[in-house]
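The values are calculated or read from the model by the stated rules, or taken from the named source; none is laboratory data. Here the structure is a predicted model, which means the values were calculated and not measured. As a convention, Cβ positions derive from the backbone with ideal geometry for all residues, glycine included, and neighbour counts pool all protein chains shown. The protein model used for the area step is the full one, side chains on, heavy atoms only, and it has no ligands, DNA or RNA in it. Shrake-Rupley method; radii C 1.70, N 1.55, O 1.52, S 1.80 Å.
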Amino acid sequence: MTVQTNGGNEITPDEAADSLFDGTDTDGGYISDSEAKKGLCNGESKAPMVEQKLYPDNCLRFDLVCCATDRGIKLNKCYGEFYGKQVTAIMGPSGSGRSTLLKILAGVKLKNIRGRIKVGNIDRTTKEFKCISSYIPHHCIISNLTVKETLRCSAIACCPPKYSEHERNKAIIKILELLLTSDIIHRKVYDLTLVEQRILCLAAEYLRNPKFIFIQDPLRDLGIVHQMFYLTRVRLLAQENVAVILCMKTGSSKATLQYIDNLYVLAEGQCAYSGHPNNLNKFFKDASDDPTFPDIHLGKFRNIYLFIS
């Protein structure tokens, strides 16, 4: 495999890694290791990437997950399974609990919850789980750094300390080939389009080599073309044996569902549907034809169905 430079020459990944950072940058100053460890890329330091021996399986299982606050019940006995190499979309109308469920599964929200969450067959512990997972909020990276400097900061902060500069640069080359294009590497982050900024967030988090990536409302404010462009990159990431879990609003374009492997629909804090998007029509028809199915649930599912389809 070779990498094409701006001049059209082809070089090996090792040569590309050696030449990626030469101590200077045309658009900004050299970023030292000590500066990068301060978290210049996004304002805070990250948990470093660790060897993933504690959780050999990247299947996330949850059962009877409940969450209640002073304002009422947010989640009521939710259950499901999310797998690696799959893109899962948690959807539902406003107030359905989709953001709450995403934050609970990511280990971001820890108060007023109960239930069981497992990675494979092992009970999840928040501290260890955060070392093999990433949570990407809605806001993007906005800084005066270039794309190259941002990825280097993330690599220094997140890769194991034993990694040499050459190994970190090889990791950056890999993520550039997977998610980004080489022509934006010297551009300032604030000059990128919104979809490019969000893909850069993905790239920076993937340098931690996570098994699970949780993304909060990634399609907000994106046009349909950019939505599909973003989701194609998400699918490429999932093929690297990563479980990608998205929190998406209902009402997203039907075209986006073709990139989803598992659709998890919430209604009033409960699971209304879990499965492949293509099976949603059959599920709703079977529920409508079932005389034993409670009318109150049928009305709830009908509203969800109209939102999504």
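A few points about this structure:
Listed here are the residues, each with its yes/no results for (1) without any contact (Cβ under 8 Å) to a residue 40 or more places away in the chain; (2) more than 16 Å from Gly269 (Cα to Cα).
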site	(1), (2)
Asp63	no, no
Val87	no, yes
Arg114	no, no
Thr125	yes, yes
Glu128	no, yes
Ile132	no, yes
Leu151	no, yes
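Per-residue answers, yes or no, for (1) assigned to a helix (DSSP H, G or I); (2) at pLDDT 85 or above; (3) not β-branched (Val, Ile, Thr):
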position: Val225; (1), (2), (3): yes, yes, no
position: Val234; (1), (2), (3): yes, yes, no
position: Cys271; (1), (2), (3): no, yes, yes
position: Lys282; (1), (2), (3): yes, no, yes
position: Phe301; (1), (2), (3): yes, no, yes
position: Leu306; (1), (2), (3): yes, no, yes
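- Subset of segment 236-252 that is assigned to a loop (DSSP other than H, G, I, E, B) and of a type outside the set (D, E, K, R) - its residue that is nearest to Phe82 (Cα to Cα): Val242
- For segment 152-201, the set of residues classified as in contact with a Lys or Arg (Cβ under 7 Å, 6 or more places away or on another chain) and surrounded by fewer than 21 Cβ atoms within 10 Å (Cβ to Cβ) consists of Cys159, Leu179, Ile185, His186, listed by residue number.
- From Ile199, Ile213, residue being aliphatic (A, V, I, L, M), assigned to a strand (DSSP E or B) and out of contact with any Cys (no Cβ under 6 Å at 6 or more places or on another chain): Ile213
- Enumeration of residues in segment 59-71 that are outside any loop (DSSP other than H, G, I, E, B) and open to solvent by 60 Å² or more (accessible area, probe 1.4 Å): Arg61, Asp63, Leu64
- Among residues of segment 72-129, those that are charged (D, E, K, R), in a strand (DSSP E or B) and either touching a helix residue (DSSP H, G or I) at 6+ places or on another chain (Cβ under 9 Å) or buried (at least 17 other Cβ atoms within 10 Å of the Cβ) (or both), counted: 1
- Among the conditions (1) modelled with pLDDT of 85 or more; (2) among the polar types (S, T, N, Q); (3) within 21 Å of Ile260 (Cα to Cα), the only one that Ser94 does not satisfy is (1).
- Looking only at segment 138-151, residues that are exposed (fewer than 13 other Cβ atoms within 10 Å of the Cβ) and touching a strand residue (DSSP E or B) at 6+ places or on another chain (Cβ under 6 Å) come to 0 in all.
- Considering segment 238-257, and only residues there that are of a type in the set (A, V, I, L, M) and modelled with pLDDT under 90, the residue that is surrounded by the most Cβ atoms within 10 Å (Cβ to Cβ) turns out to be Met248.
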